[in-house]
Amino acid sequence: HVQLVESGGASVQAGGSLRLSCVRSGYDASMSFCMGWFRQAPGKEREGIASIERDGTATYADSAKGRFTISQDDAQRTLYLQMNSLQLEDTAVYYCAAESFPRCYGLSDRFFGYWGQGTQVTVS
């Protein structure tokens with residue numbers, strides 16, 4: 001019922017910045033979502049980066065806090081991840097995710113029911 005499409009991934013120099021976007025479409029009866037960003041590097045488990053609730057309450061992983069900022073439009077139709085001071089370790093496929101629940105509970109990927117296809121971020 002819900003589709004998520006990420007965009008904005010690119011190859012960037014260390015220390016550079018990127019802004020990823022995720023557009024939600026389709027139907028879900030929920031008026032409020034938990035929205036999140038995850039990433040998966042080669043040979044690594046998928047890890048949570050940040051999540052955000054309808055009212056803007058955000059939670060960040062330690063690896064992202066201070067460098068990354070999650071945001072959204074008022075209807076949670078578009079999700080963003082602003083990434084600054086990118087480092088080699090940030091290279092990964094980045095995924096957006098959504099769950100039809102008004103609150104977020106941690107950064108576990110098991111909580112989210114909707115996933116995008118991912119967008120590649122390469123830092124060199």
Subject >> Set SER32, SER85: member being among the hydroxyl-bearing types (Ser, Thr, Tyr) and closer than 22 Å to SER17 by Cα >> reply: SER85
Original post:
Going through the stretch 15-42 one residue at a time, which ones are at pLDDT 95 or above, surrounded by fewer than 19 Cβ atoms within 10 Å (Cβ to Cβ) and not basic (Lys, Arg)?
Top reply: GLY15, GLY16, SER17, SER21, VAL23, SER25, SER32, GLN40, ALA41
Original post:
So, of the residues in the stretch 46-78 that are under 28 Å from GLY26 (Cβ atoms) and out of contact with any strand residue (DSSP E or B) (no Cβ under 7 Å at 6 or more places or on another chain), which turns out to be most open to solvent (accessible area, probe 1.4 Å)?
Top reply: ASP74
Original post:
Across the stretch 25-39, which residue is nearest to GLN82 (Cα to Cα) among those that are of a type outside the set (Asp, Glu) and assigned to a loop (DSSP other than H, G, I, E, B)?
Top reply: PHE33
Subject >> Close pairs from the stretch 54-71: first aliphatic (A, V, I, L, M), partner not in a strand (DSSP E or B), Cβ under 7 Å, at least 6 apart >> reply: ALA61/LEU107
**OP:** Could you list all residues from the stretch 3-56 that are in contact with a Cys (Cβ under 7 Å, 6 or more places away or on another chain) and either of a type in the set (Ser, Thr, Tyr) or farther than 21 Å from PHE101 by Cα (or both)?
**Re:** SER51
**OP:** Return the total of residues in the stretch 40-57 being out of contact with any Ser or Thr (no Cβ under 9 Å at 6 or more places or on another chain) and assigned to a strand (DSSP E or B).
**Re:** 1
Original post:
Restricting attention to the stretch 21-34, does a residue exist that is under 16 Å from THR91 (Cβ atoms) and of a type in the set (A, V, I, L, M, F, W, C)?
Top reply: no
**OP:** Kindly indicate the residue of the stretch 79-100 that is out of contact with any Gly (no Cβ under 9 Å at 6 or more places or on another chain) and farther than 17 Å from GLY118 by Cβ and also surrounded by the fewest Cβ atoms within 10 Å (Cβ to Cβ) among those meeting that condition.
**Re:** LEU88
**OP:** Output the strands (runs of 3 or more DSSP E) that fall wholly within the stretch 58-113 and possess 2 or more residues being touching a helix residue (DSSP H, G or I) at 6+ places or on another chain (Cβ under 8 Å), or say none.
**Re:** 92-99
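The values are calculated or read from the model by the stated rules, or taken from the named source; none is laboratory data. These numbers come from a predicted model, not from an experiment. Here Cβ is always computed from backbone atoms with ideal geometry, including for glycine, and neighbour counts include all displayed protein chains. Ligands, DNA and RNA are excluded from the accessible area calculation, which covers all protein heavy atoms including side chains. Shrake-Rupley method; radii C 1.70, N 1.55, O 1.52, S 1.80 Å.
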